[in-house]
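Here is the structure we will look at.
The values are calculated or read from the model by the stated rules, or taken from the named source; none is laboratory data. Computed from a predicted structure; not experimentally measured. No Cβ is skipped: glycine too gets one built from the backbone with ideal geometry, and neighbour counts run over all protein chains shown.
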Amino acid sequence: MIKPKLYTYRRCPFAIRSRLALYQAKIDYDAVEISLKNKSSEFLTLSPKGTVPVLVDINGIIIEESLEIMLWALSRSDPESWILNDNNLSRELIDENDLNFKKNLDKYKYSDRFPEYSKEYYRSQCEKFLNVLNEKLQSKNFLMTERLSIADIAIFPFIRQFYLVDKEWFLKSKYQALKKWLKGLIDTKMFQDIMKKN
């Protein structure tokens, strides 16, 4: 049987959120792990921009953006209604993550490549978004509502990546609600399953 094919990289947050959505939708697919330092010609032919994830569906349609892969999967099966009818509030929060927080996160993670400012400065820029998320989690268990939704799944891998830059700092930080939320998602079976090495 022909299955969709996902070109992925195990630790990439964009790829992680795509795999989580495919897992939730119970879509069986063939995973192709990409070496970011040695990308295959097959992969670069499909996606000249050379970034993961890339999904090729059974009709040969290529989807090159992680959020589009998530929506593609959940449009086929969304058993716990991760897609909310919230007048694009989820999308606004995801866009803030993808467009602003991710840039600051990269500078924090690779601060030696951005010597204009200190690692602590880049972390403080990340904290603007952490404060927003922590505030949202003060009154509920998840970002948008009292249950898991696409916003949580789309943003979670990036907060995990932030945490991994300096675990000790994060665990001592003031973001109690955010730390609880992050740990809860890391401990889920779905996350453990999608992070298994092929």
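For region 22-36, the count of residues that are of a type in the set (A, V, I, L, M, F, W, C), in a helix (DSSP H, G or I) and surrounded by 17 or more Cβ atoms within 10 Å (Cβ to Cβ) is nonzero.
May I ask you to list the residues in region 149-167 that are without any contact (Cβ under 8 Å) to a residue 24 or more places away in the chain and within 16 Å of Pro13 (Cβ to Cβ)? Scanning region 149-167 gives Tyr163, Leu164.
Okay, residues lined up against (1) outside any helix (DSSP H, G or I); (2) under 12 Å from the mean Cα position of the chain (by Cα); (3) at pLDDT 95 or above:
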residue	(1), (2), (3)
Ala151	no, yes, yes
Phe156	no, yes, yes
Phe162	no, yes, yes
Phe170	no, no, yes
Lys179	no, no, yes
Gln192	no, no, yes
Lys197	yes, no, no
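The residues on offer are Phe114, Phe170, and the sole one that is aromatic (Phe, Trp, Tyr), without any contact (Cβ under 8 Å) to a residue 12 or more places away in the chain and surrounded by fewer than 17 Cβ atoms within 10 Å (Cβ to Cβ) is Phe114.
When Val56 is tested against (1) under 30 Å from Val165 (Cβ atoms); (2) in contact with a strand residue (DSSP E or B) (Cβ under 8 Å, 6 or more places away or on another chain); (3) surrounded by 16 or more Cβ atoms within 10 Å (Cβ to Cβ); (4) not hydroxyl-bearing (Ser, Thr, Tyr), just one condition goes unmet, and that condition is (1). Taking (1) in contact (Cβ under 8 Å) with a residue 40 or more places away in the chain; (2) of a type in the set (S, T, N, Q); (3) within 26 Å of Glu68 (Cα to Cα) in turn, Thr188 satisfies each apart from (1). Of the residues making up region 50-66, those that are assigned to a loop (DSSP other than H, G, I, E, B), touching a Pro at 6+ places or on another chain (Cβ under 9 Å) and closer than 19 Å to Ile2 by Cα are Asp57, Ile58.
Conditions (1) touching a Phe, Trp or Tyr at 6+ places or on another chain (Cβ under 6 Å); (2) farther than 19 Å from Met190 by Cα; (3) of a type in the set (S, T, N, Q), marked per residue:
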residue: Lys26; (1), (2), (3): no, no, no
residue: Val52; (1), (2), (3): yes, yes, no
residue: Gly60; (1), (2), (3): no, yes, no
residue: Ile69; (1), (2), (3): no, no, no
residue: Ser77; (1), (2), (3): no, no, yes
